[in-house]
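Novice: My questions will all concern the structure given below.
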Amino acid sequence: MTTARQLRQTALSLPEAEDAGQAGRTSYAVRGASFAALTNDGEHVQLWLSGDDVDSVLAEHPSAERLTRGTLVIGARLRLADINGQQLNHWVRRAWKHRAPKRLVASAEAAARAEPGAGELPASIGRPATRALAEAGITTLDGVARLSDAELSSLHGVGPKAVAILRRAIAERS
């Protein structure tokens, strides 16, 4: 069964996503635009989606409902118990993509395609670290040099080994 914890983890892993909940309500937003929320009873997730995505959710999940504002369809509501973790992750990402600014989406998609050895970063840091750095807008050793070890380590995908490799590459370049 999918949980509110997984919703939180997935939502907050997305670029510039933040916990936008108020007064006990669980909600996630990107640059002020809500993209996912948990209903007050904690049993349903509400996702702000494009019309095509809403149709797909409804086709895949018979218990899903349209989320409307007046006569305008703005998303879908699903019971957490009726969706598995992979499906939740997919739809939360789609909701984020629908609500995030286009430049941010393009940047995140480019970072997801970043491969080790591309640009100035050493290939030996691996794919997760390369993508985490690219997502943060860091593609050069100069960009890495401006960050502390703690700041580098705080990026999801950048571990102690990658930090050591990056520091060695900076030292060798000097």
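Novice: Mind listing whichever residues of segment 96-105 are assigned to a helix (DSSP H, G or I) and surrounded by fewer than 16 Cβ atoms within 10 Å (Cβ to Cβ)?
Specialist: LYS102, ARG103
Novice: Go through (1) in the same structural domain as PRO15 (by TED's automatic domain parsing); (2) more than 23 Å from VAL30 (Cβ to Cβ); (3) surrounded by 15 or more Cβ atoms within 10 Å (Cβ to Cβ) for ARG93 and report which single condition fails.
Specialist: (2)
Novice: What's the number of the condition SER63 fails, among (1) surrounded by 17 or more Cβ atoms within 10 Å (Cβ to Cβ); (2) farther than 18 Å from ARG93 by Cα; (3) among the hydroxyl-bearing types (Ser, Thr, Tyr)?
Specialist: The number of the failed condition is (1).
Novice: Could I ask something else about it? Just checking, does segment 114-122 include any residue being of a type in the set (Asp, Glu) and in a helix (DSSP H, G or I)?
Specialist: The answer is no, given that none of the residues of segment 114-122 is of a type in the set (Asp, Glu) and in a helix (DSSP H, G or I).
Novice: Mind checking whether some residue in segment 58-68 is out of contact with any Leu (no Cβ under 9 Å at 6 or more places or on another chain), touching a residue at least 12 places away in the same chain (Cβ under 8 Å) and part of a strand (DSSP E or B)?
Specialist: no
Novice: Quick one: is ALA108 surrounded by 15 or more Cβ atoms within 10 Å (Cβ to Cβ), touching a residue at least 60 places away in the same chain (Cβ under 8 Å) and within 14 Å of the chain's Cα centre (by Cα)? Full working, then the answer.
Specialist: On the way: surrounded by 15 or more Cβ atoms within 10 Å (Cβ to Cβ): yes; touching a residue at least 60 places away in the same chain (Cβ under 8 Å): yes; within 14 Å of the chain's Cα centre (by Cα): yes.
Yes.
Novice: To continue, here is another question. From the list THR130, THR139, pick out the single residue that is in contact with a Pro (Cβ under 6 Å, 6 or more places away or on another chain) and surrounded by 14 or more Cβ atoms within 10 Å (Cβ to Cβ). Steps first, please.
Specialist: Values: THR139 fails: in contact with a Pro (Cβ under 6 Å, 6 or more places away or on another chain).
From the options THR130, THR139, the qualifying one is THR130.
Novice: Okay, moving on. Take segment 11-47 and flag every residue that is at pLDDT below 90, within 15 Å of the chain's Cα centre (by Cα) and among the polar types (S, T, N, Q).
Specialist: SER13
Novice: Sort out which residues of segment 15-27 are touching a strand residue (DSSP E or B) at 6+ places or on another chain (Cβ under 7 Å) and touching a residue at least 40 places away in the same chain (Cβ under 8 Å), and write them in order of number.
Specialist: GLU16, ALA17
Novice: On to the next question. Could you look through segment 142-174, keep only residues that are exposed (fewer than 12 other Cβ atoms within 10 Å of the Cβ) and over 22 Å from the mean Cα position of the chain (by Cα), and pick out the one that is modelled with the lowest pLDDT?
Specialist: Selected residue: SER174.
The values are calculated or read from the model by the stated rules, or taken from the named source; none is laboratory data. Quantities reported herein were computed from a predicted structural model and do not represent experimental measurements. Glycine also receives a Cβ, built like all others from the backbone with ideal geometry; neighbour counts cover every protein chain displayed.
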